[in-house]
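Structure first, commentary second.
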Protein chains: 2
Amino acid sequence: MTNERKTILIIGLGLMGGSYAMALKRKGHTVNCITLSQTSIDYALSQGIIDRGTTEIDEELIHSCDIAVFALYPHVFTEWIERYGSKFKEGAVITDVTGVKGEIVEKIQSMLPEGVEFIAAHPMAGRESSGVENADDRVFKNANYIVVPTEKNTEKAIKICEWLGRELGFERISRLSVDEHDKMIAFLSQLTHCIAVSLMCASDDENIYKYTGDSFRDLTRIAKINETMWCELFSLNKANLLAEIDAFSEQLQRLRNAIGSDDGETVKDMMRRSTLRRGYFDKERGV
Amino acid sequence: MTNERKTILIIGLGLMGGSYAMALKRKGHTVNCITLSQTSIDYALSQGIIDRGTTEIDEELIHSCDIAVFALYPHVFTEWIERYGSKFKEGAVITDVTGVKGEIVEKIQSMLPEGVEFIAAHPMAGRESSGVENADDRVFKNANYIVVPTEKNTEKAIKICEWLGRELGFERISRLSVDEHDKMIAFLSQLTHCIAVSLMCASDDENIYKYTGDSFRDLTRIAKINETMWCELFSLNKANLLAEIDAFSEQLQRLRNAIGSDDGETVKDMMRRSTLRRGYFDKERGV
């Protein structure tokens, strides 16, 4: 990709859309946005992280963009494209931050006009807080960015999407197919959120904060969760997620039964395996 | 407690014993140690975090201490007291860092001579690494310290133990009974370690580091685990731990079944509850 200045339209200026805007403005691109809340636009303008913003369907803003980034709830994203997808100019590249791809990508691709290409991406970065006021492009540093092409994507659009990941400051950019992505994300992200939520639901003791160590704090950080978005993401990836919950539960039961029957060798064997795998993981990531 | 300079003996100079030594030397106390490895002693002397150290059972070191801190595997701790507990001077206060209390505290108290008091404590701080070379007393900052008295303890010894927690730099010092402690720790610490180990055992994909976000990293940080120590701690607190694994599994199954049957209201209800509880938790801790 060239170093040329692009015009980038962000649709949905929350935590993630705002963090994209911040990173891309810093790189000298023109960043416009369409979002529901005028307060978010006013804040973003005051911080200098967007050039223009509107709560309306501004055809000129839509038509002028080289790249559009959708940071919306999945069903809002597909509805938006259905209604306004024809307004992008030929050659525009559309991408997203949606956490599930299977139910989304083909639908979006089939709705866009000839010459407008959707290439899906998943930035593996975030925070427990929400809203553009909490946007922070430092979350992309040391983080992973997954490009999720289909057979319909051109190598050119895939390269633009990878370039965007680099412009945002991600450390590692990878490609996965839609199926690989959704299975991976069921394990790495959705299962971990299910565990955190279940763990907080397992105790109503209000005094636990007095006694806890870092391990419990770490495991439940993500228990503060946007229930509307995550419920939708879980539903869209149901089969994969149920399979991962079951695979995890099987291992937990195995460990439970080994503890219960004083089978120290199985307990230690599982601990050695987890130590080895987690160590490999740290080494590769350099943390 | 007074500000007087104490002579403190640390038995077991690993990560935790070393971090205690570092904090207590910084406060001007005399810190001696008995530990298995001369290399650990040489390192600690070179760093100025102990005054004297030996790999022998040095009766003068044992007899001279005002406070002794045991940072050993539970069964090594009880064996040590059985063999050498009579060598402490009258008025000495013994404490520990052991992660389980039920099988330990009464046994230790019953073995010590008249005038030597054992008051149990659990510092809720640690690291995934081990050894005195990784000792760092900054882990006590913002952390919890639990004092675990029994009916046999005097208020004087409890106060000394609480004073020790403050000298070490802990943010919050609480008291729990042995039963309360072991139940609390089964939930807050042992269950979370079982979850992390099971999660790492649930996938043998060596490429996951390329795609993961912070949530998976946070949930598995503690999957690097000393299998000898944790297997012993799990076994000593078996009944409580199995009950907590079961309570957690019940919530996870509830969430799983709600996702599986498209019962969005239950999914969202659990997420709202977890968000509320985790938020309360953060607020109280000020993080």
First in the stretch A:171-182 and at the interface with chain B (Cβ under 10 Å from one of its Cβ atoms), second anywhere and part of a helix (DSSP H, G or I) and surrounded by fewer than 16 Cβ atoms within 10 Å (Cβ to Cβ), Cβ under 9 Å, 6 or more apart: A:172/A:285; A:173/A:166
Can you pull out the residues in the stretch B:1-58 that are of a type in the set (S, T, N, Q) and at pLDDT below 95? B:2, B:3
Restricting to the stretch B:44-60, give me the number of residues that are in a helix (DSSP H, G or I) and surrounded by fewer than 17 Cβ atoms within 10 Å (Cβ to Cβ). 4
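Quick grid of which residues meet (1) among the polar types (S, T, N, Q); (2) touching a residue at least 12 places away in the same chain (Cβ under 8 Å); (3) in a loop (DSSP other than H, G, I, E, B); (4) at negative phi:
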residue	(1), (2), (3), (4)
B:5	no, yes, yes, yes
B:8	no, yes, no, yes
B:13	no, yes, yes, yes
B:18	no, yes, no, yes
B:22	no, yes, no, yes
B:25	no, yes, no, yes
B:31	no, yes, no, yes
B:42	no, no, no, yes
Residue B:194 outside the structural domain of residue B:218 (by TED's automatic domain parsing), crowded, with 23+ Cβ neighbours inside 10 Å and not aliphatic (A, V, I, L, M): no
All positions within the stretch B:262-276 that are loosely packed, with under 14 Cβ neighbours inside 10 Å and facing chain A (nearest Cβ under 7 Å): B:262, B:272
Can you name the number of the only condition in (1) surrounded by 18 or more Cβ atoms within 10 Å (Cβ to Cβ); (2) out of contact with any strand residue (DSSP E or B) (no Cβ under 6 Å at 6 or more places or on another chain) that residue A:131 fails? (1)
Which one is nearest to residue B:85 (Cα to Cα), of the residues in the stretch B:61-71 that are in a helix (DSSP H, G or I) and of a type outside the set (A, V, I, L, M, F, W, C)? B:63
Residues of the stretch B:129-150 satisfying the condition of being assigned to a loop (DSSP other than H, G, I, E, B) and either of a type in the set (Lys, Arg) or more than 12 Å from chain A (Cβ to nearest Cβ) (or both): B:131, B:135, B:136, B:141, B:149, B:150
Only one of these is farther than 13 Å from residue B:281 by Cα, touching a strand residue (DSSP E or B) at 6+ places or on another chain (Cβ under 8 Å) and either surrounded by fewer than 24 Cβ atoms within 10 Å (Cβ to Cβ) or assigned by TED's automatic domain parsing to the domain that holds residue A:274 (or both): A:189, A:249. Name it. A:189
Single match in B:185, B:195 (criterion: in a helix (DSSP H, G or I), within 13 Å of another protein chain (Cβ to nearest Cβ) and in contact with a His (Cβ under 8 Å, 6 or more places away or on another chain)): B:185
Just to be sure I understand, how many residues within the stretch A:222-253 are in contact with an Asp or Glu (Cβ under 6 Å, 6 or more places away or on another chain) and at the interface with another protein chain (Cβ under 7 Å from one of its Cβ atoms)? 1
Residue B:256 in contact with a strand residue (DSSP E or B) (Cβ under 7 Å, 6 or more places away or on another chain), buried (at least 16 other Cβ atoms within 10 Å of the Cβ) and within 7 Å of chain A (Cβ to nearest Cβ): no
Restricting the stretch B:110-128 to residues that are touching a strand residue (DSSP E or B) at 6+ places or on another chain (Cβ under 7 Å) and not aliphatic (A, V, I, L, M), the residue that is farthest from the other protein chains (Cβ to nearest Cβ): B:117
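The values are calculated or read from the model by the stated rules, or taken from the named source; none is laboratory data. All values derive from a computational prediction rather than experimental measurement. Counting neighbours? That spans all protein chains shown, and the Cβs are built from the backbone with ideal geometry, glycine included.
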